[in-house]
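The values are calculated or read from the model by the stated rules, or taken from the named source; none is laboratory data. Since this is a predicted model, take the numbers as computed values, not measurements. Neighbour counts are summed over all protein chains in view; Cβ atoms, including those assigned to glycine, are modelled from backbone coordinates with ideal geometry.
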Amino acid sequence: MCLAMPGKIVKITGDTAVIEYPGQTREAKIIDGEYSVDDYVFVSAQIIVQKLTKEEALATLKEWENAA
Amino acid sequence: MLPEVYFLRYAFTCARVLVDYKKTITEEEWKKMQEAVENGAPMDREYLEKVFSKPIGELKKISPDYWDISVIREYFWNRHEEAITKTLPPMIKRLCVVRKGKLIAQFGDVFKAKIGENDIRNVNTMYPGPKVGDTVMVHYGYAVEKV
């Protein structure tokens, strides 16, 4: 089964972002583009894959809650 | 390419979920999978069938010869979306569907891939010699193979 959980950026230092998930945080590399604290992103293999809008992120997180 | 290698390249994308949420494999097992993917090394078929029982079940529906690469490709390219649609809402599965895209920019070892009109994402690549302009099959954050 394949699932994508969005995380929220809580800190940026250089090209490294700290991403917050329920119960854990992980670091991921910013590849290009502009990111800010509170942005929601998808991460895979320690890189930021894609930014989501807040609306998309909250809707996805809601789906996660319902799927659990 | 061995079918176990081919299968794991596509299935590995989903394996993080097995560690963090389903908790059916350990972090150590996940790292061994990552090494196998990076090195192109096959993992034990029986182990893969145990860990990835759901997609393997879907392969069996396609053919009794379910470890044939053409069957694995048929599942991930053409049937994975239907399989995950049955159980997952659209927002969650959006990045999990395997789609054809193009590598449009390179940043060191990472590429930017464009899928369709509006889906642009950063991807790691799983095949040798990736270049901007390659047409690839993308699964979440990986360009799995050039097509």
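Taking the stated definitions as given, is B:Lys61 surrounded by fewer than 19 Cβ atoms within 10 Å (Cβ to Cβ), out of contact with any Phe, Trp or Tyr (no Cβ under 8 Å at 6 or more places or on another chain), at pLDDT below 95 and over 20 Å from B:Val138 (Cα atoms)?
Working: surrounded by fewer than 19 Cβ atoms within 10 Å (Cβ to Cβ): yes; out of contact with any Phe, Trp or Tyr (no Cβ under 8 Å at 6 or more places or on another chain): yes; at pLDDT below 95: no; over 20 Å from B:Val138 (Cα atoms): yes.
No.
Could you identify the single residue in B:Tyr21, B:Tyr75 that is under 18 Å from B:Val138 (Cβ atoms) and within 14 Å of chain A (Cβ to nearest Cβ)?
Testing whether each residue is under 18 Å from B:Val138 (Cβ atoms) and within 14 Å of chain A (Cβ to nearest Cβ) leaves just B:Tyr75.
So for segment B:41-57 (the condition being exposed (fewer than 14 other Cβ atoms within 10 Å of the Cβ) and part of a loop (DSSP other than H, G, I, E, B)), does at least one residue qualify?
yes
What number of residues within segment A:22-43 satisfy the criterion of being within 8 Å of chain B (Cβ to nearest Cβ) and modelled with pLDDT under 90?
1
Do you know which residues across segment B:109-145 are of a type outside the set (Phe, Trp, Tyr), part of a loop (DSSP other than H, G, I, E, B) and more than 12 Å from A:Ile47 (Cα to Cα)? Steps first, please.
So in segment B:109-145, the residues of a type outside the set (Phe, Trp, Tyr) come out as B:109-110, B:112-126, B:128-139, B:141, B:143-145.
From the residues that got through so far, the ones that are part of a loop (DSSP other than H, G, I, E, B) too are B:109, B:116-118, B:126, B:128-134, B:141.
Once the filter is applied, which keeps residues that are of a type outside the set (Phe, Trp, Tyr), part of a loop (DSSP other than H, G, I, E, B) and more than 12 Å from A:Ile47 (Cα to Cα), segment B:109-145 yields B:Gly116, B:Glu117, B:Asn118, B:Met126, B:Pro128, B:Gly129, B:Pro130, B:Lys131, B:Val132, B:Gly133, B:Asp134.
Please go through segment A:42-68 and pick out each residue that is within 19 Å of B:Asp109 (Cβ to Cβ) and not small (Gly, Ala, Ser).
If the condition is that a residue be within 19 Å of B:Asp109 (Cβ to Cβ) and not small (Gly, Ala, Ser), then A:Phe42, A:Val43, A:Gln46, A:Ile47, A:Ile48, A:Val49, A:Gln50 are the ones that fit.
Show the residue pairs that are 6+ apart or on different chains and have beta-carbon atoms under 7 Å apart, the first residue being within segment B:79-108 and more than 8 Å from chain A (Cβ to nearest Cβ), the second being modelled with pLDDT under 80 and in a helix (DSSP H, G or I).
Cβ pairs passing all conditions: B:Thr85/B:Lys93.
Checking B:Pro130 against (1) more than 12 Å from chain A (Cβ to nearest Cβ); (2) modelled with pLDDT under 95: exactly one of these is not met. Which one?
For B:Pro130, the exception is condition (2).
Find the residue count for segment B:1-40, including only residues that are part of a helix (DSSP H, G or I) and β-branched (Val, Ile, Thr).
5
Pairs under 8 Å by beta carbon, first residue at the interface with chain B (Cβ under 9 Å from one of its Cβ atoms) in segment A:47-67, partner among the small types (Gly, Ala, Ser) and assigned to a strand (DSSP E or B), six or more apart or different chains?
Cβ pairs passing all conditions: A:Ile47/A:Ala28; A:Ile48/A:Ala17; A:Ile48/A:Ala28.
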